[in-house]
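A.B. asks: Input: one structure, supplied below.
The values are calculated or read from the model by the stated rules, or taken from the named source; none is laboratory data. A quick note: this is a predicted structure, and the numbers were derived from the prediction, not measured. Neighbour counts run over all protein chains shown; Cβ positions are idealised from the backbone, glycine included. When the accessible area is computed, the model is the full protein with side chains, heavy atoms only, and any ligands, DNA or RNA have been set aside. Shrake-Rupley method; radii C 1.70, N 1.55, O 1.52, S 1.80 Å.
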Amino acid sequence: MSTGAVGSTAPPVAAGAPEKVFWGQKWEDNGFAKNEIHFDKTAKVMRDIFVALDGLSKELGDRYTWMDIACAPGGFSRFLCADPRSERGFGITLPVTEGGFRLLFTWSSPDERKFSVKFQDLLTLEPENCKPGHDGNVDLILSDAQYLPLRKADQPGPDPSLARAASSNPSLGIWALLFQQLRLGCSNLRNGGIMMFRLNLKDDNIDWYHESVCQIIAFVDAVFETMVLFKSGKSHQSDGTTYMVCRGFCKGEFEAMGAGELLRKSMNVSCFEGNVGGFRNMAPIFAHIGVSSEVRKRTRECFKTCMDAITRYKDGDFSYEATVKEWSCARKAPHLKLTARVTLGNAMPWAASRAAAHHLDRAATDIAQLAERLDPARKVDLADLVAFREDLARRCQETIAALRARAEEVRFILDAAQEA
Ligand SMILES: C[S@@+](CC[C@H](N)C(=O)[O-])C[C@H]1O[C@@H](n2cnc3c(N)ncnc32)[C@H](O)[C@@H]1O
């Protein structure tokens, strides 16, 4: 686990070093018109996430595709379009006529033409309809939906009164969006890929909310290898907006638990349940996943990390530094077990043959000592020969028993490792 704050500038290039293309460089060069403030801000947030996480190079390699759920005005994807490693991106956004944000893409450059968009309410989409054709799974999912009816009228963006309520209880609107984003996202994510989603980590003192966040973290714990909390130092500094960047997706686990269907039903519960307590008990994805004490501890740490960042900002820390904290998930353990199994599987035959050689060596020494009794220089009678034969037989039986016992131990260890 590591904690750290990061700045937001591009990494320095050592003098004389070969020129390295930095993912944000093109974006830095072009910049945006001053009045496109929100567009510019979200692009900077994405740039800072890439800086903090080393360009997500481990998972994205040198070519990647992405899906951006709730993408307007489009800063996240505009940043990714400028990354030389990105190939194609697919966005989903609520039409302006239904109260959605306006998309500020102009598709005027080859970079921007990497991106195509579906204009549709994400709550009405099925996973197979998110991208054109059968484009396969993507490497990176971004999901940043806001529940529009609860936005303040003085914030930049569309008039909240135009937004249609998705849930009978306004507090559950964001949960309907989150469940559906996880469903659409994970269903279209490749094994080993990355999913980033927005989470509000301010309302720690509200029991049902704390417990629901705990359940979401338990879900992440079950289907991803690591989880990074990112809180920007330049945007949403005084509210609870954070991004959870979940890396190392295990598609097999997601499918084995039937998570797509559980998330779909949970979205429906969030839309139609009027009572927050009922929602917590009835959301099938919550009922399905147990919460470990480790996940409870991590949930408390997440809320605290976010609240500490807000307090620092309110106390006058305007350094614009992001807060970044990473945890390993339980999902990682099977890999440890696998490693242990492979290592033991490789090592045990070697250890077993060494133990056998040791036993045989000692038996050979003992038998050589016994054989001294048959020294041709000495007179040997029949009784000596009978005693020698009996000692020899006993020593052979002891050696066989010792070798069998070692073989039994080795088999036991290998079976236990196999089960693990
Ligand atoms: C914070 S903005 C996203 C900013 C974006 N990540 C960017 O980089 O510019 C929230 C987005 O959620 C979208 N949204 C909210 N409800 C939606 C829905 N039901 N379907 C699709 N998009 C939705 C809004 O239209 C808006 O574009």
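A.B. asks: Just one of the numbered conditions (1) in contact with a Gly (Cβ under 6 Å, 6 or more places away or on another chain); (2) open to solvent by 40 Å² or more (accessible area, probe 1.4 Å) is not true of residue 293; which one?
C.D. replies: Unmet for residue 293, out of (1) in contact with a Gly (Cβ under 6 Å, 6 or more places away or on another chain); (2) open to solvent by 40 Å² or more (accessible area, probe 1.4 Å): (1).
A.B. asks: May I pose another question? Examine segment 49-62 for a residue that is within 9 Å of the ligand (Cβ to nearest atom) and surrounded by 14 or more Cβ atoms within 10 Å (Cβ to Cβ), and state whether such a residue exists.
C.D. replies: No, the conditions are met nowhere in segment 49-62.
A.B. asks: Name every residue in segment 166-177 that is open to solvent by 60 Å² or more (accessible area, probe 1.4 Å) and outside any helix (DSSP H, G or I), in order of residue number.
C.D. replies: Within segment 166-177, just 168 meets the criteria.
A.B. asks: Among (1) in contact (Cβ under 8 Å) with a residue 40 or more places away in the chain; (2) not in a strand (DSSP E or B), where does residue 198 come up short?
C.D. replies: Checking residue 198 against (1) in contact (Cβ under 8 Å) with a residue 40 or more places away in the chain; (2) not in a strand (DSSP E or B), the one that fails is (2).
A.B. asks: Between 19, 87, which is modelled with pLDDT of 90 or more and over 28 Å from residue 164 (Cβ atoms)?
C.D. replies: 87
A.B. asks: Which one is nearest to residue 213 (Cα to Cα), of the residues in segment 126-147 that are charged (D, E, K, R) and either near the ligand (Cβ under 8 Å from one of its atoms) or open to solvent by 30 Å² or more (accessible area, probe 1.4 Å) (or both)?
C.D. replies: Step by step, filter segment 126-147, then rank; the result is 144.
A.B. asks: Please verify whether residue 107 is assigned by TED's automatic domain parsing to the domain that holds residue 183 and at pLDDT below 95, treating the condition exactly as stated.
C.D. replies: Working: assigned by TED's automatic domain parsing to the domain that holds residue 183: yes; at pLDDT below 95: yes.
Yes; evaluated as a whole, the condition is true for this residue.
To keep it simple, each residue is scored yes or no on (1) in a helix (DSSP H, G or I); (2) in contact (Cβ under 8 Å) with a residue 24 or more places away in the chain; (3) within 11 Å of the ligand (Cβ to nearest atom); (4) over 21 Å from residue 42 (Cα atoms).
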{"position": "149", "(1), (2), (3), (4)": "yes, yes, yes, no"}
{"position": "152", "(1), (2), (3), (4)": "no, no, no, no"}
{"position": "158", "(1), (2), (3), (4)": "no, yes, yes, no"}
{"position": "179", "(1), (2), (3), (4)": "yes, yes, no, yes"}
{"position": "182", "(1), (2), (3), (4)": "yes, yes, no, no"}
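A.B. asks: Filtering segment 74-125 down to residues that are at positive phi and over 26 Å from the mean Cα position of the chain (by Cα), which residue is farthest from the ligand (Cβ to nearest atom)?
C.D. replies: 107
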